[in-house]
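Notes for the one structure printed next.
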């Protein structure tokens, strides 16, 4: 609360002197952020690999992808006894949360990327990067088959194979068009740096085209109608950025065009930002209303043609055509073809993404890990293992359990099946014993009563969201496991194996939600922080600046992004079409 | 000399403490440059247009092109009584001397461009910019016909026409391939911002491709062979930049590839930088030798295929094929097709560029001006007008002239025929009278002696070089003429008309050479300054930094370029392939 009051007071002060804002934000962003934000890093035992023998052959680890998951893995890996090969079509890591800022030039594309070689160069392990795309995974022979990603003008692209002992699949996802006709041909996506650059050029293109004397009034209106499909954080942030760009920068340069510009945000659901708190959604919707951003909820896109987008309101008989100048499609993620093929190959049929266990190992494969947007954790159900759990607790095989019997296995149960804890919290129960008491008045439980007590626990299982935060934590977690592979082999640290014997080598992956931002334009941001703390407004924008700068991957990118922000405050965004 | 000593001492001091260099250069660049460099600006009479009546229709001026000439014209134009229409396929001005730096990321593309609307916005005259390409000039009906330059996805591109009272053609030139087969298909040019961006991506592409395991040794050598064709300032600077990029940045990230990299500079003449002083050429050639840049002079390129470049040494019987990974073509300029068509149309056949008179008016057209690389001044010969000159001087028509007779016309002759002064300087004659004395012992001259005295004067006529400096001075000169159009109509300021009567309205254009730089890499630059002052080395690099920053078009670009340089000093150049 004190922090919030500080921000509010600072906000008031700065609104009185707008010039002060410009200076202060830079200072806040560069200095404050690093202090204000501290991340829950997994513990790493540094001594772990000190005694590893060099006489053994180094294990080959192949990392596919240089997104959040892959890069986080590479950054956190410390054991020098691995030989790393990174294969990715992009030789850089991109700080994707700033992509909406890149679309309008608030931040330059080059400020949000860092060459992956710069990142691994400082590490103790040997690493090679190959700019290529993996298009086939051969788990039988433990190799991946790749084809080069460079321009064909350099020569024929010959595929090559890379052997692995461990494979880390972190290839992310592609944009999901839901097979809507015309989207791939006519809409812009916003997943890669190149997408953001193309959008930027396209916005300027629309303005320059609309400014020609040969364009009719109607055509001018069409060209300056910008449509965003998808009311998630990316779509909303892009709409806000575009609104700022148009109103703060472009209308100064193209004053005659201001009256023609229209921004429409289409969302199939009832509300935008539906993963956020209701307060944030309401604030965002009201702000967009005030800003003149046309918000159409409950509106499905059924087709996109070269000049018109066809939407169908819920309950409407036939679709409605709206002329547009540019469409940005940001409705969620789909599976990459190579992952789709791989799933078929390993028998994971009819799934959206790769299934892994709680240790991020791909089910049905040996030595293959998958993390980030291309995978999801298949949490083991309590009810699947209920007999085994009962058996482990019932040491004397009496068929009845007392509270005392549980004391030994409670922690293991809660660690192995995190849904139990979520269920307890939701039911406002203090601990596991209380849960069991709901089914049995006395202290003794038989298997039926035990089953009944736990019957609803599995309903609390939820897939993790496909965010950068999850991917980064998974990468760091997996690197940590790799760092301590030998130690934990000898001395397992994980929970008891209920089906088998002994303990699991590692603790299972546990996601720790650190909050989420939704920038809304006009120097206002909404944030949902852990503990249901919601913060909206100008002060949150500074928190956003600070957090994002602190999360950037290198000092170079930090300096560049701060430079870009300062430049925008002073000179505005550039509108050169390059 | 004192200035030179200062630079040398500072250089020594800074080499002792390399860290100091990084700091100081930024300070020098940002502050010093503005003081160190002062440009010879043409005088402008500000009161000139104060009394211009508003009742008249404003004259329509159409400016084609936003390069050095066009932008300089727009920046210097002050009279609010014009209605300006700017037509160009690029909505920005690019500071082209920094393009070689953009190719390797020493400076970002966006740091060297400024939207043309930002430039004209601050002006008093009304200006409209149209992003389109003029493809036909109709001098009969005083209009230009243009087609839009935006992506076709926005709709059909309909041509439009723009009327003019005055037309300013400043469309520049294109790269000249001398019709060498394969150049357009396989080589990179270095004229536009997009070219520089493409080259940057291509260099990284070559390194990533060479780094793949499926590439043979021989192929790796080929891919990392960078060939630059043309030993002019652009080619030399690019070779130097590339050498620095490879040796300072890329070999840190791709250490295994260092031994394969080869840079070859091909020049058809005997020496590189042949427009510079011999000392500079020698220094550059020696430096390139030391740096391991392969210099091949006297070598003509006859063909470029997808993987090989065919060169023919002087006197060799057959061409030699050399495998390459990337070719950059920088051999000079050629004529744009639209200018070619226009020349045919107005009867300027068999010319390389548009011919104008000394007031930049296109010969044979009314109200059409041409400047920059698309035009050249057709200086009137003295011998063409020799009878008229004699006639004007011989007021009493006696057929004989005394020195006294000349006093009245000497200044006019020297202004109208600048070659006279160049000739005097070269022959080390003090003045015109001395020149005449070389033909006549006594003080009296008849027409024959007069002709004899001046017979060699015209040999001194030389076309101006196709540089940014010439274009910028022409733009400023023409704007100055436009600013004082009415005043000079009433009160002509130019030299006497020898063929007609009265005086010319304006002084003819006179180019003032301010010196030229040739950056040679490794923080060393050569400069040839007026008065044959040659300066080479580290100190000159700082002069280069200062001058270039001071010449940048806006404070925004100045800040950005300084920021880019600082970033490079601290973090090196970025190698992300975006």
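Worth a mention:
- With the convex hull constructed from alpha-carbon coordinates only, the stretch B:386-459 shows a mean projected area of 4.4 nm² over all directions.
- Long-range Cα-Cα pairs in the stretch A:216-296 (distance over 21 Å), rounded percent: 29 percent
- Shielding of B:113-120 by partner chains, average beta-carbon count, 10 Å: 4
- Within the protein assembly as shown, percent of DSSP bridges classed antiparallel, to nearest 5: 50 percent
- Here the simple spin-label model places points 7 Å from the Cα toward Cβ, and for residue B:340 and residue B:437 these points are separated by 5.4 nm.
- Global geometry of the stretch A:129-200, whether rounded, prolate or oblate, following the gyration tensor of its Cα atoms and the 1.5 cut on a/c: prolate
- With the gyration tensor restricted to C-alpha atoms of the stretch B:51-133, the semi-axes of the equivalent ellipsoid amount to 30, 12, 9 Å, longest first.
- Cα gyration tensor, the stretch A:285-413 - rounded (a/c under 1.5), prolate or oblate: prolate
- As a proxy for reagent exposure, ranking A:134, A:365 by other Cβ atoms within 10 Å from fewest up yields A:365, A:134.
- Estimated FRET transfer efficiency when R0 is 35 angstrom, pair residue A:251-residue A:463 (beta carbons, to 0.05): 0.25
- Residue-averaged 222 nm ellipticity for the protein assembly as shown, from DSSP H runs of 4+ at -39500 (n - 2.57), nearest 500: -10500 deg cm²/dmol
- Theoretical FRET efficiency, 1/(1+(r/R0)^6), r = Cβ-Cβ of residue A:404 and residue A:59, R0 41 Å, to 0.05: 0.40
- Length available on full extension from residue A:145 to residue A:452: 0.36 nm per residue minus the Cα-Cα distance, which gives 105.6 nm.
- DSSP beta bridges fully contained in the stretch B:176-333 are about 40 percent antiparallel.
- Residues B:353, B:328, B:302, ranked from the fewest to the most other C-beta atoms within 10 Å, line up as B:302, B:353, B:328.
- Length gained when the stretch residue B:313-residue B:422 is fully extended (0.36 nm per residue, less Cα-Cα span): 35.5 nm
- Computed over every Cα-Cα pair of chain A and binned at 20 Å starting from 0, the pair-distance distribution P(r) comes out as 18, 47, 30, 5, 0 percent.
- Per the Cα gyration tensor, the stretch A:474-578 maps to an equivalent ellipsoid with semi-axes of 43, 19, 10 Å, ordered largest to smallest.
- For the segment A:84-90, counting C-beta atoms of other chains within 10 Å of every residue's C-beta and taking the mean gives 1.
- Taking every residue in B:211-218 and counting other chain Cβ atoms within 10 Å of its Cβ, the average works out to 6.
- Cα-based Kirkwood hydrodynamic radius, the stretch B:222-261, one decimal, Å: 10.8 Å
- Compactness of the stretch A:176-275, expressed as Rg and Dmax over alpha-carbon positions, Å: 14.4, 45
- Based on every Cα atom in the protein assembly as shown, Rg and the maximum pairwise Cα distance Dmax equal 36.0, 144 Å.
- Relative contact order (%) - criterion: Cα under 8 Å, at least six apart; region: the stretch B:313-454: 15 percent
- Within chain B, percent of DSSP bridges classed antiparallel, to nearest 5: 50 percent
- Take A:408-415, B:221-228 and order them by the average number of nearby Cβ atoms within 10 Å per residue, most first; the result is B:221-228, A:408-415.
- Sorted ascending by nearby beta carbons within 10 Å, beginning with the fewest, A:92, B:423, A:135, B:417 become A:135, B:423, A:92, B:417.
- Take every Cα pair under 8 Å whose residues are at least 6 apart in sequence, average their separation, divide by the length of chain A, and the relative contact order is 20 percent.
A short reminder: the numbers here are calculations on the coordinates, not readings from a lab. The shown structure was predicted, so the numbers you read here are calculated from the model rather than taken from an experiment. We place every Cβ from the backbone using ideal geometry, glycine too, and count neighbours over all the protein chains shown.
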